Every structure is written in C-alpha cells, then in structure tokens.
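Inspection log for the structure reproduced underneath, given as structure tokens.
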Amino acid sequence: MTITALPTALQEIKDEFLALELRERLQLLLEFANELPELPERYRDHPDLFERVVECQSPVYLFVEVGDDDVVQLFATAPRESPTTRGFAAILVEGLAGLTVDEVLAVPDDFPQTLGLAEAVSPLRVRGMTAMLGRTKHQVQLKRHS
Amino acid sequence: MTVGFDDAAKFAEYAHPERLVSTEWLAAHLGDEGLVVVESDEDVLLYETGHIPTAVKIDWHTDLNDPVLRDFVSGERFAQLLGEKGIGRDTTVVIYGDKNNWWAAYALWIFTLFGHEDVRLLDGGRDKWIAEGRELTTDVPTPAAVEYPVVARDDSKVRAFKEDVLARLGKGPLIDVRSPEEYSGERTEIPGYPTESALRPGHIPSAASVPWARAAAPDATFRTREELEAIYKGEAGLADGDDVIAYCRIGERSSHTWFVLTHLLGFENVRNYDGSWTEWGSAVRVPIVKGADRGEVPAA
C-alpha cells in the first residue's frame, strides 16, 4: 500500500486546524468562511443561483473549471447565514487551488474527517464537507480533457 | 418565575402566552436578573458571526445530542451544560434562532424533557431581530457557573418512540411536518441534507401532511391563533382533546409543530417522534404509504 502525500496546501490547512484547541478550530473555520472569495463575474448570473431550493439548509454552489494545462479551478458560494458551509467551501477552494485533475482526484475522500472538526462541529456536519469534496471531484471527472 | 411575562395582545390569544416574548420585550429586558438568552441555530458558527447581546450559544448537535448513542444528553450532562451557561433551575430562558426558530424550538423541546419550567421562544427569532436593525455583538459572555440540579429526562410525556407510534396507528392523529415531496415519497431527504436519508421514502399511514413552516408568517413570527386553528383544525382535522404525534426527519422540524400545538393551540398531549423518518423509513416491516393521500392503516 502506498500512502499518497496530501497536496501542500491541504496539508498546511490540516496542520493548522490540528494545532488548535477545539474552540479555536471553530474560530479558524469562521475565518475561512469570511474569506471565501466572491464568485467571478462570469458566474454571478448563473441560473442555478436563482433556483429556489425549498427547505435547503445551506445551498452551496460549486463551479469547477479545468484549464488547458489540466489545472483545476474551484469557485463556490454559499449564503452569509451559513458560515459553516462557507468555511467548508473556502477550505476546498484554498486547498485545491492550482492542483491538476489527477491531483484533485487523488485527494482522499476522507480528508474532511482528518481536520479535527468532528468534535467541534459534529460528525454529521463534517459529512457536509465530504459531500462537497465528492461533488467537486465528480465535476472534475466530467470536465477533464480526456 | 423570575422575569415577568410579555403581555402583548397577539400572545394573549394563544393557549400559553407565557411561552413567547417579542423582540421589543427582549430588547427592554436584556440584562435582567434571572434571565438568560440562548441562541440555537442550524449552523454551528452563526452565533459567532454576531448574536443578541448577553446571549449564550447552545448547539443542537454538540451540546444536546449524545455523542455516541442516538439519543439526547443525560441529566448529568444537561445539568453541567446549563450550569456552565449560567442557567439555574428557576432561570427564565428565552431561546431564539435562525430559520423561523426551527432549532430554537428543538432546544426548547429538549429543555421540556428535563422539566425546565420557564423556557420561552423569541417570536420571530434571529431573523426578526436583525430585520429590525437591533443590536448584535460578537462578544461571547462568560457567565459565572451556576449549580443546576441533575434531573432525569422524562421521555414519557412529550417524546414518542417508534413503538408508541406503531401502537397508536389508527387510534390517534399523526402530523407529518416534512415537505410535500418527502411526504409523497418523491424523495427520501430534503435538498442539502444528503447525509440524513432513509432507505424507503413515503409517510406513516394516516398521517396528515402539514409542512412545519406553514405555522410561520413571512417575518418568521408565529401565525395568529386564528390562522393556526384554520391550518391544524380546519385543514388537518385535529379536534380539541386529540392526542397527537408529530414527526419529520430527525425530530427538529416537528419540535416546532409540537410547540405550536402544545403552547399556542393548547393541545395537552402532543408528542414529538424524534426517531422520525430516518428511523421509520429504514425500519424493517413498518407500514409505509406513498403518494399524496394519507392512506389506510393496515389491519392488525
């Protein structure tokens, strides 16, 4: 069995969380939430954003682009009222930035579970980020240049 | 009771007006001796982005649910939690939250399982407070710890288990408070909650469909008594004296309906089936109906 090293940015984010006490991990997640970049202009009028989702707790929208160099770009948006979801999205946006298709697909599916957030925000909520990572990889698969 | 009630005219129509306070009332009573304000939200970080001054946070996942069993915390843990938040047994607790007080009602229901007497909701919750431009702060209070007695949770009066529902099938009304799509069985989960699913979609036979948020007005306050009577008695067919069981997916939305039926309309025996669809829809050989009709209870 070979253990693939995490991409540098994801590893740094993980180390940063694990170095903190539980309460401080929440604060760090909030900082990520506050720093989620705005969507680029070309997505601001995307029809998906205006679809009304009844009872949806935290609508998060992910947009994946794969460049000619095979480099993946992830853009995400979620409402200000859903800081946890925004934080999860911001971790992925920052952690996956600049990675190639193969590198993104090689990120372990359980990465969200390794940030030490289960106790701070509950395992169920962490599964929200796992789902987000899964959706991102799925979009990467669809958009890769075969 | 340590803090007086809100005598707003709207509340006087309800069966138990002492269970609600208005934003005006709360703004005037912040800092009162014997009052603790609690914020309880869907999102565990929302409180940190800004909350009502003096409010403490209680989170439904990390504070109120047992970390191992699918159950609520024990009396010991509840006593420890409330003590740390500066809440004594005779403290007046006002709970508010996001999304029409969805999670605030859940917290209030759990306080009720432990028999905390004076627990109220802020009518309109977090949304109304913010919409009115009232003060928010990110200062987290550090209350002096208080001794809260260890009280055994009483699951017999306002909580129903799967066996209770099975035993009552056909003998008393059930209210399904999920979305119409979940009720009919078009989907097993609600959008955005892919991890809280069930193996089979549909609803419990005979259950009436009344999506929980119908009890809320657009400004997140509760609808008037007259409007609520029209929905729950007129449309859903509940009659005074009925023993009602409400359910949803994991028991949070139905806590809101439990609050409405119990405290606003005055039904005396309302129970919340917190196992709800995530249990029922995955249980072996329990009856399920698909489609928009209530369906028949199978002969025993």
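Data overview
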{"read-out": "Order by protection proxy (mean Cβ within 10 Å, highest first), peptides A:14-23, A:68-77", "value": "A:68-77, A:14-23"}
{"read-out": "Residue-count net charge about A:GLN113 - beta-carbon cut-off 15 Å; Lys, Arg +1, Asp, Glu -1", "value": "+1"}
{"read-out": "Calculated P(r) tail over 18 Å for the range B:31-117, as whole % of Cα pairs", "value": "39"}
{"read-out": "For B:PHE222, net neighbour charge (Lys/Arg +1, Asp/Glu -1) across residues whose Cβ lies under 15 Å away", "value": "+1"}
{"read-out": "Angle between chain B longest axis and helix B:75-84 axis [Cα atoms, degrees, rounded to 10]", "value": "30"}
{"read-out": "Shielding score for A:77-84, defined as the mean number of other chain Cβ atoms within 10 Å", "value": "4"}
{"read-out": "Those lysines that a straight Cα-Cα span of less than 24 Å connects to B:LYS57, excepting residues fewer than 8 apart in one chain", "value": "B:LYS85, B:LYS99, B:LYS128"}
{"read-out": "Most mobile of A:GLU103, A:GLU81, A:GLU12 in a GNM of chain A (Cα contacts under 10 Å)", "value": "A:GLU81"}
{"read-out": "Distant-in-sequence amide H partners of B:ARG249 (H built 1.01 Å from N, under 5 Å)", "value": "B:SER254, B:TRP277"}
{"read-out": "The range B:90-241, relative contact order [Cα under 8 Å, separation at least 6], %", "value": "22"}
{"read-out": "Residue with peak Gaussian network fluctuation, chain B [Cα springs, cutoff 10 Å], from B:LEU265, B:LEU228, B:LEU166", "value": "B:LEU166"}
{"read-out": "Shielding by other protein chains, B:42-55, mean Cβ within 10 Å", "value": "5"}
{"read-out": "Sites B:ARG77 and A:LEU124, calculated FRET efficiency, Cβ-Cβ separation with R0 22 Å, nearest 0.05", "value": "0.75"}
{"read-out": "Rg to Rh, two decimals, where chain B supplies the alpha carbon set and Rh follows Kirkwood", "value": "0.96"}
{"read-out": "Average Cα contact separation per residue, chain B, under 8 Å, 6 or more apart, as relative contact order %", "value": "20"}
{"read-out": "Computed helical MRE - 222 nm, the protein assembly as shown, DSSP H runs ≥ 4 contributing -39500 (n - 2.57), nearest 500", "value": "-8500 deg cm²/dmol"}
{"read-out": "Sorted peptide list for B:149-159, A:37-47, criterion being average Cβ within 10 angstrom, highest first", "value": "B:149-159, A:37-47"}
{"read-out": "Relative contact order %, chain A, counting alpha carbon pairs below 8 Å whose residues are six or more apart", "value": "29"}
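Read-outs: derived from the displayed coordinates by stated rules, not from any lab. Model, not experiment: these values are computed from the prediction. A quick note on method: Cβ atoms are made from the backbone with ideal geometry, for glycine too, and the neighbour counts reach across all protein chains shown.
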